[in-house]
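In what follows, a structure is listed as structure tokens, so that the remarks can point back to it.
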2 protein chains.
Amino acid sequence: MTPRAGIVVTGTEVLGGIISDRNGPWLSERLRGEGVELAHIMVVGDRPGDMRAALDFLAREGVDLVITSGGLGPTADDLTAEVVGAFTGRAMALDTALEERILAILQRNRASWRTYSEEALRAGNRKQAIVPAGATILEPVGTAPGLVVPPGADGGPTVVVLPGPPGELQPMWGAALATAPLQAVLARAATLEQRLMRLIGVPESELALSLEAMAQAGVALGALEITTCLRRGELEIATTFSPEAAGDYDAFVAAVRARHGDALFSADGATVDEQVAALLGGRTIAVAESCTGGLMTGRLTDRAGSSEYVLGGVVVYSNAAKTALAGVPEELIERHGAVSPEVAVALADGAIARFGAELGIGITGVAGPGGGSAEKPVGTVCLSVAEAGGARADRTVRLPGDRAMVRERSTTVVLHMLRRLLQRHG
Amino acid sequence: MTPRAGIVVTGTEVLGGIISDRNGPWLSERLRGEGVELAHIMVVGDRPGDMRAALDFLAREGVDLVITSGGLGPTADDLTAEVVGAFTGRAMALDTALEERILAILQRNRASWRTYSEEALRAGNRKQAIVPAGATILEPVGTAPGLVVPPGADGGPTVVVLPGPPGELQPMWGAALATAPLQAVLARAATLEQRLMRLIGVPESELALSLEAMAQAGVALGALEITTCLRRGELEIATTFSPEAAGDYDAFVAAVRARHGDALFSADGATVDEQVAALLGGRTIAVAESCTGGLMTGRLTDRAGSSEYVLGGVVVYSNAAKTALAGVPEELIERHGAVSPEVAVALADGAIARFGAELGIGITGVAGPGGGSAEKPVGTVCLSVAEAGGARADRTVRLPGDRAMVRERSTTVVLHMLRRLLQRHG
């Protein structure tokens, strides 16, 4: 029987929409990798009653494992350890050895704080070292220790208590995995496979019909849990299945390929970013971008090691900068306007010339909310990708959505243009 | 009595960590604006049993309002309307007029799909027009209609059913607000104020002590719900209170200012991005960045209207590009290394010179994971901000975290340097 889990993310800032939760999605992927089925992610504020209600709900739902994130800080609104102690029926006790270890960490970090108070550190420290009896301590990555709390006398789930900052939670997860109580839960897990296909240019309704037609044509979909999702203009098909159904999944992929071969750009879950990086094979690239304001170069350089092949980019918002930094002829801008296919082409060529790159990208458009016209409404973006002295592709699109969405989608469209160019001529 | 609400975000992709939820945080802020207290955000997969369990939990918790997002698409895994119908004890019925309106939308969009099937559109359409009896329809923004479903015969919460894509959900929320069942819930709401202070350079433990000291000194904090949160290296203090406690809040702000005046850079919730834009007052700025790879310029140009004062930027990853595009002398790079305060200064000056800007930013550093050395480990970033022929500030920092965090934090530190420079000399 596959173990089921729930995640409880605490924090009034997360609940209030002030910060967005990165821990739930991250833990979710880790659980899947361990063969645990995630039933619920719950976000609650720093009110102990609401947090307790969430834990009680998950216990009633019969989950085997609860992971909490957040609420381990030094301030009075951080109450997770206490609530989990009460939930598992365990008394709270000061772990003096832990207290000293936390203090040592704080003293090491002291120099980096501009203001500092020994008294505050001690006070914060003491609270963070009061833990439920019988819990396994996970050593602090920042200053907050995590906990693995076994079920109480009345049964119920094992609770893993982790800190809120992703930079602390993620390394601590490895330590949690090694503890005996968590190992006991995971021993019951059977691995589930999760695979992802990515398509571009197919509406979700079209795919719904394809799935029906496949089922009628005898493709065995019964053992596959298939979900589809539109994301950044791409359509993703996520499929979960037990290892015995691997053959069914392969047949499903073949059926998708037969019907939507043009659109299916990734059958192994690779992103278009990863594909472009691989297709470049070390050839150098540079960018001249206007409306995307640096995000295109930022996206290319997200990848570790990208400095090997991304030479750089110019963000040329003003017309003067387009001419001075990307070599776009002034008269071209005057004749066609700054947002025009001609200027996009000149930007791509300018990027190649200025950086001495083997490939170039040019982007110019109207991201909005202002700047649109009847002829070139908000969302109009002219895109160009080119090989130095070789193949090229140019496109003008009208993208939906607000400023942020137009900027992001523009980078996605460019990456697909680049992918096709490199696949054809690469 | 303040109404309480729960949000249920559906979708296996969200639960599985494949996409991150933007709707929970957005709805959370809207609810606060309406004076509704949010108790829980729950993320569930596309399993109808889990979704129903979430609704039942919220009903037991006594919430007055539930908002769901997602699960309204044409594929078989989209089940929200049906589950909500069963939850409120309402029969499902085809709304034929709605069916025609959806079809008209689909036909209008037809041209934009590369592949197309009339049959698929009709099939998808029919499913989306089957709604619980007695529900108020919210007209589609994309193709999925939303719903406002009044409580069933046995009471329980009013349920607002919204589509998953943020671009559809957000405009539809306005229509939902205008419906009678939602108005009936909101009529009971008293407005709660939520304010935000932002500090830089204070550890959370220090603030915890300050809060205790204030309480002892007689600052009335009892009527204020105060939560603190570290975010991107800044410390945020979020406070919720009823309008009668406005005087208490003002006294609290004064007390924070008295103790942490240096660190408190925003008492009105304004971000450092907003402050810098205001302080620039239309003066032009340009960027020459290396390790941030375009994100600094991207962050400056996030703001609508930023093309008025952001002239552009150069992303100069390679040494050759640093020289050719930002005018950094070759021998400076040879003597001090590409990551050095001297090169950061030359980049800021180069940005000013190349773009003819009034202010310039220079960034060079080691974002990792590779490229670090004993002398310049991963996280070392040299930053420079300068006025053309005027004031300047330079700083070298060692930032914690992974590649993405180092890149993001670098932009935050630069904005604070720029803020201080403009406040002092602006």
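The values are calculated or read from the model by the stated rules, or taken from the named source; none is laboratory data. Predicted model, so just to flag it, every value in this text is computed and none were measured. Cβ sites come from the backbone with ideal geometry, for glycine too, and all protein chains shown count toward neighbours.
A few comments on the model shown:
- Residue selected from the stretch A:297-319 under the condition part of a helix (DSSP H, G or I) and either facing chain B (nearest Cβ under 7 Å) or of a type in the set (Phe, Trp, Tyr) (or both), by the criterion nearest to residue B:302 (Cα to Cα): A:298
- Positions within the stretch A:246-255 being in contact with a strand residue (DSSP E or B) (Cβ under 8 Å, 6 or more places away or on another chain) and surrounded by 15 or more Cβ atoms within 10 Å (Cβ to Cβ), in sequence order: A:248, A:249, A:252, A:253
- Qualifying residue in the stretch A:282-292 (condition: more than 9 Å from every other protein chain (Cβ to nearest Cβ), more than 24 Å from the chain's Cα centre (by Cα) and surrounded by fewer than 24 Cβ atoms within 10 Å (Cβ to Cβ)): yes
- Checklist (1) over 30 Å from residue A:227 (Cβ atoms); (2) not in a loop (DSSP other than H, G, I, E, B) applied to residue B:172, failing item: (1)
- A single member of A:424, A:409 is buried (at least 17 other Cβ atoms within 10 Å of the Cβ) and touching a residue at least 12 places away in the same chain (Cβ under 8 Å), and it is A:409.
- Strands (runs of 3 or more DSSP E) wholly inside the stretch A:336-426 that include at least 2 residues being within 14 Å of another protein chain (Cβ to nearest Cβ): A:359-365, A:392-398
- Count of the stretch B:255-277 residues which are under 19 Å from residue B:232 (Cα atoms) and either β-branched (Val, Ile, Thr) or touching a His at 6+ places or on another chain (Cβ under 8 Å) (or both): 4
- Of all the criteria given as (1) aliphatic (A, V, I, L, M); (2) part of a loop (DSSP other than H, G, I, E, B); (3) more than 14 Å from residue B:288 (Cα to Cα); (4) at pLDDT 95 or above, the one not satisfied by residue B:328 is (3).
- Members of the stretch A:227-255 found to be more than 11 Å from chain B (Cβ to nearest Cβ), closer than 22 Å to residue A:32 by Cα and in contact with a helix residue (DSSP H, G or I) (Cβ under 6 Å, 6 or more places away or on another chain), listed by number: A:241
- With respect to the conditions (1) surrounded by fewer than 20 Cβ atoms within 10 Å (Cβ to Cβ); (2) more than 24 Å from residue B:17 (Cα to Cα); (3) within 13 Å of another protein chain (Cβ to nearest Cβ), residue A:258 lacks only one, and its number is (3).
- Number of positions in the stretch B:32-78 that are within 11 Å of chain A (Cβ to nearest Cβ) and of a type in the set (S, T, N, Q): 1
- Scan the stretch B:180-237 for residues that are closer than 24 Å to residue A:10 by Cβ and under 25 Å from the mean Cα position of the chain (by Cα) and the total you get is 26.
- Scanning the stretch A:179-199 for residues that are surrounded by fewer than 20 Cβ atoms within 10 Å (Cβ to Cβ), closer than 24 Å to residue B:19 by Cα and in contact with a strand residue (DSSP E or B) (Cβ under 7 Å, 6 or more places away or on another chain) turns up A:192, A:193, A:194, A:195, A:196.
- Tally, over the stretch A:205-222, of residues that are in a loop (DSSP other than H, G, I, E, B) and surrounded by 15 or more Cβ atoms within 10 Å (Cβ to Cβ): 2
Per-residue answers, yes or no, for (1) modelled with pLDDT under 85; (2) touching an Asp or Glu at 6+ places or on another chain (Cβ under 9 Å); (3) surrounded by 18 or more Cβ atoms within 10 Å (Cβ to Cβ); (4) of a type in the set (Val, Ile, Thr):
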| position | (1), (2), (3), (4) |
| --- | --- |
| A:83 | no, no, yes, yes |
| A:91 | no, no, no, no |
| A:112 | yes, no, no, no |
| A:119 | yes, no, no, no |
| A:134 | no, no, no, no |
| A:140 | no, yes, yes, no |
| A:157 | no, yes, yes, no |
| A:160 | no, no, yes, yes |
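- Residue check: residue B:29 meets all listed conditions (1) more than 7 Å from chain A (Cβ to nearest Cβ); (2) in a helix (DSSP H, G or I); (3) not aromatic (Phe, Trp, Tyr) but one, namely (1).
Conditions (1) free of Cβ contacts under 8 Å to residues at least 60 places away in the same chain; (2) out of contact with any helix residue (DSSP H, G or I) (no Cβ under 7 Å at 6 or more places or on another chain), marked per residue:
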| site | (1), (2) |
| --- | --- |
| A:317 | yes, no |
| A:327 | yes, no |
| A:330 | yes, no |
| A:333 | yes, no |
| A:344 | yes, yes |
| A:362 | no, no |
| A:368 | yes, no |
| A:391 | yes, no |
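- Conditions (1) more than 19 Å from the chain's Cα centre (by Cα); (2) outside any helix (DSSP H, G or I); (3) more than 7 Å from chain A (Cβ to nearest Cβ); number of the one not met by residue B:84: (2)
- Complete set of residues in the stretch A:1-27 that are in contact (Cβ under 8 Å) with a residue 60 or more places away in the chain and not β-branched (Val, Ile, Thr): A:1, A:3, A:4, A:5, A:6, A:11, A:22, A:23, A:26, A:27
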